1. In this structure, does T108 turn out to be assigned by TED's automatic domain parsing to the domain that holds V30, surrounded by 17 or more Cβ atoms within 10 Å (Cβ to Cβ) and on the phi < 0 side of the Ramachandran plot?
2. For the stretch 98-147, name all the residues that are within 18 Å of I182 (Cα to Cα), touching a residue at least 60 places away in the same chain (Cβ under 8 Å), out of contact with any helix residue (DSSP H, G or I) (no Cβ under 6 Å at 6 or more places or on another chain) and among the aliphatic types (A, V, I, L, M).
3. Tell me, please, whether a residue that is in contact (Cβ under 8 Å) with a residue 24 or more places away in the chain and either within 22 Å of G133 (Cβ to Cβ) or outside the structural domain of D176 (by TED's automatic domain parsing) (or both) can be found in the stretch 48-67.
4. Out of the residues in the stretch 73-105 meeting the condition of being among the hydrophobic types (A, V, I, L, M, F, W, C) and not in a helix (DSSP H, G or I), tell me which one is farthest from G138 (Cα to Cα).
5. For the stretch 60-103, name all the residues that are aliphatic (A, V, I, L, M) and within 18 Å of the chain's Cα centre (by Cα).
6. Kindly indicate the residue of the stretch 75-105 that is surrounded by fewer than 19 Cβ atoms within 10 Å (Cβ to Cβ) and touching a Phe, Trp or Tyr at 6+ places or on another chain (Cβ under 7 Å) and also farthest from A17 (Cα to Cα) among those meeting that condition.
7. Only one of L45, L86, L35 is in the same structural domain as A19 (by TED's automatic domain parsing) and within 19 Å of V15 (Cβ to Cβ); which?
8. Sort through V259, V242, V207, V246 and tell me the only one that's surrounded by 14 or more Cβ atoms within 10 Å (Cβ to Cβ), in contact with a helix residue (DSSP H, G or I) (Cβ under 6 Å, 6 or more places away or on another chain), modelled with pLDDT of 85 or more and not hydroxyl-bearing (S, T, Y).
Amino acid sequence: MKFKPKEDLLRLAAVLAAAVLAGVCLKTFVKAAGLFPGGATGIALLIQGAVAKYAGIDIPYTPINLALNVIPIYIGFRYIGKKFTLYSMILIVVMGVVTDAVPAYPLTDEPLLLSIFGGIIFGFASCICFHFGATTGGSDFIAIFLSRRKNYDSFNVTLTISIIILVIAGMMFGWDKALYSIIYQYASTQVIHTFYRRYQQETLIIVTDHPNEVCEEIFRTSGHDATILHGEGAYKLQPKGVIYSVVNRDEYKSVINAVRKSDPGAFVNSVKTDFLRGRFYNRPED
């Protein structure tokens, strides 16, 4: 685990900013509206609310969330990346402290507005920590582990956890809370899907006179391989190389720029990939 002073200081500052923003969001929007997000955060709020309702004891959010993250943090250190997990731990702790320390001051009494804007703000905070190599913990660790180490689609796992949380929350605190929580989760997911594209793929179809050089640039820039097909231009009947490759969406612009440098006359078609099955290279977390 090597540290690079400038990069790590910037990374730490971004993670702390995301943690503060997420903590304020949890207290000002999520808890104010009685919402229940997915993952460990939702489970922690569910436990906290249940103990307060049935036992009359106000347990802080931080120790509950830390206890729920013990196993995911172990998975992160063991299988994902040490620095990635370390920064995630910092984020989890700071977010919890901020959530407990910030006074409850809801901006509005309208739960729909709290649900929508709370989801947007938390989604934005999540994008910051994802971009700088960290996560809010809980099911994110498990999802990354399943998708990378086991080549397993983790969507159904996280969806099942969210459904269980919402059903329990609905039975205990009212179905209106569960329904507003769905709106919150949808808004948060849409923000993440829009601004964080690392786990989205783009298909590149490139027609070129220099297929070997272009393939080398694709591999050098992204680490992804490519397939060379042999074609013929219909207009001049000249042989052409047709390259087929799939890259992550956060990489494809740099890949296209590299392709243009190796062959300025290349014809490039970029298509959004909705479904991908098979071995696909993802950069490992540090």
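1. Here the answer is no, as T108 does not meet what is asked.
2. L112
3. The answer is yes; a qualifying residue exists.
4. Checking each candidate, the answer is A104.
5. Across the stretch 60-103, the qualifying residues are I73, I75, I80, L86, M89, I90, L91, I92, M95.
6. Per the criteria, the residue is Y79.
7. L86
8. V259
The values are calculated or read from the model by the stated rules, or taken from the named source; none is laboratory data. A quick note: this is a predicted structure, and the numbers were derived from the prediction, not measured. Reconstructed Cβ throughout: ideal geometry from the backbone, glycine too, with neighbour counts over all protein chains shown.
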